[in-house]
Amino acid sequence: MGLYEKWLEATKEEDKRKRYWTYVEKEGGRDEIRNLLAETIRSHYDRLERIAEDVARLGYKVAAEILSEAMPQTSKGRSGDLGEILATELVEEEIGLRVPVRRLRYKDGRNMAMRGDDFIGAGYDEDDDKLWLLKGEAKSNKALGKATVTSARKVLDRDNGRCTPDSLLFVANRLLESNDPDDNELGRSLRDEVGLKSLRSDRIDHMLFTVSGNGPHASLKEDLDATGTNRDHYVVNIHVEDHQEFIAEMYKEAEDLGDD
């Protein structure tokens, strides 16, 4: 059972190529996934095996200090990062595409936001074995409103709805540096796409992903209704009532590696 299934109750509406998914916490769900989510957060900033090596060499306290240096310390930075983390996990758990690069590992500074697409899902169509992409924008707000939704949609629509070339090239190059042949194959496909721009719009899905303290604002459904039908659209909201407290709580858990 995955993170979402353990933690949240889902309501899913579907109309042709448009999907509107809303989530609320199950009773006791947060306690059920507390350790799992803390580990998941860590894994987006560094490889878990590398963290384990730090613990073995230096002990829990020093290893925790090293990990903390990669994590944002501001509430705004943590909120934005957690939105991307949860979006990435949703794509892999619920849609079945890979988000093949954990891009938070490559930030210029722990409190700085990264440029480019928030997350890119990638895979191959099982029918014809051709490339399929998902372009995603993640927002995390105590109070979600129309301005945020409108801004996110503008980002999804730019570059004619395609993944931005710099974002796609970043993912491609990281995959080509891997020792995994499957990563190399996908990286080559993504790098080719940067140059060829051959994918039709119906093979580039869009996801507008939100986490908020006020639940799904009416503008989310209005935004989805206004989109076209030339691609799959996902509009998602996770309602976490104590939004800011939840983020602070989970980062505290993530930074705590235990004791000697």
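GNM remark for the chain: springs join alpha carbons under 10 Å apart, and the peak mean-square fluctuation among G213, G187, G96 falls on G96.
For a 26 Å ceiling on Cα separation, which of these pairs sit above it: K26/K142; K6/K154; K139/K221? In this structure, K6/K154 lie more than 26 Å apart at Cα.
Of K18, K76, K26, the residue with the largest accessible area leads and the full order is K76, K26, K18 (1.4 Å probe). Largest GNM mean-square fluctuation across L196, L176, L220, computed for the chain with C-alpha springs under 10 Å, falls on L196.
For segment 127-142, the residues whose backbone nitrogen is under 20 Å from a point 7 Å from the Cα of R200, taken along Cα to Cβ, are 127-135. Using θ = phi - 60° in the Karplus curve 6.51 cos²θ - 1.76 cosθ + 1.60, the 3J(HN,Hα) couplings for segment 141-155 round to 9, 4, 10, 7, x, 4, 4, 5, 5, 4, 4, 5, 5, 4, 5 Hz; x is entered for Gly and Pro. The residues of the chain have, on average, 50 Å² of accessible surface per residue, using a 1.4 Å probe with all protein chains present. In terms of its alpha-carbon gyration tensor, segment 185-228 comes out oblate; a/c meets the 1.5 threshold, while b/c is at least as large as a/b.
When restricted to Cα atoms, segment 75-197 yields an Rg and a Dmax of 14.8, 44 Å, respectively.
Normalising the average separation of contacting C-alpha pairs (under 8 angstrom, six or more residues apart) by the number of residues puts the relative contact order of the chain at 25 percent. Across segment 153-260, the mean sequence separation of Cα contacts (distance under 8 Å, 6 or more residues apart), normalised by length, yields a relative contact order of 22 percent. Taking 1.002 mPa s as the viscosity and 20 °C as the temperature, the Stokes-Einstein diffusion coefficient of segment 22-61 based on its alpha-carbon Kirkwood radius rounds to 180 µm²/s. Summary of packing: across the peptides 200-211, 53-64, the per-residue average of other C-beta atoms within 10 Å ranks them, highest first, as 200-211, 53-64. An ellipsoid equivalent to the chain, defined through the eigenvalues of its Cα gyration tensor, has semi-axes of 29, 24, 16 Å when rounded to whole angstrom and sorted largest first. Where a ≥ b ≥ c are the square roots of the eigenvalues of the C-alpha gyration tensor, would you call segment 172-260 rounded, which needs a/c under 1.5, or, failing that, prolate if a/b is larger than b/c, or oblate? Because a/c hits 1.5 or more and a/b fails to exceed b/c, segment 172-260 counts as oblate.
For K130, the lysines whose Cα falls under 17 Å of its own Cα, not counting residues fewer than eight places away in the same chain, are K197. The overall shape of segment 44-147, judged from the alpha-carbon gyration tensor, is oblate: a/c is not under 1.5, and a/b is no greater than b/c. Measuring between their Cα centroids, segment 1-68 and segment 231-260 lie 8 Å from each other.
Label positions at E53 and E253, each projected 7 Å from the Cα along the C-beta direction, are separated by 2.8 nm.
The values are calculated or read from the model by the stated rules, or taken from the named source; none is laboratory data. Every value quoted in this text rests on a predicted model; they were computed, and no experiment measured them. Cβ coordinates were reconstructed from backbone atoms using ideal geometry, including for glycine residues, and neighbour counts include every protein chain displayed. Please note that ligands, DNA and RNA were not included when accessible areas were found on the heavy atoms of the full protein model with its side chains. Shrake-Rupley method; radii C 1.70, N 1.55, O 1.52, S 1.80 Å.
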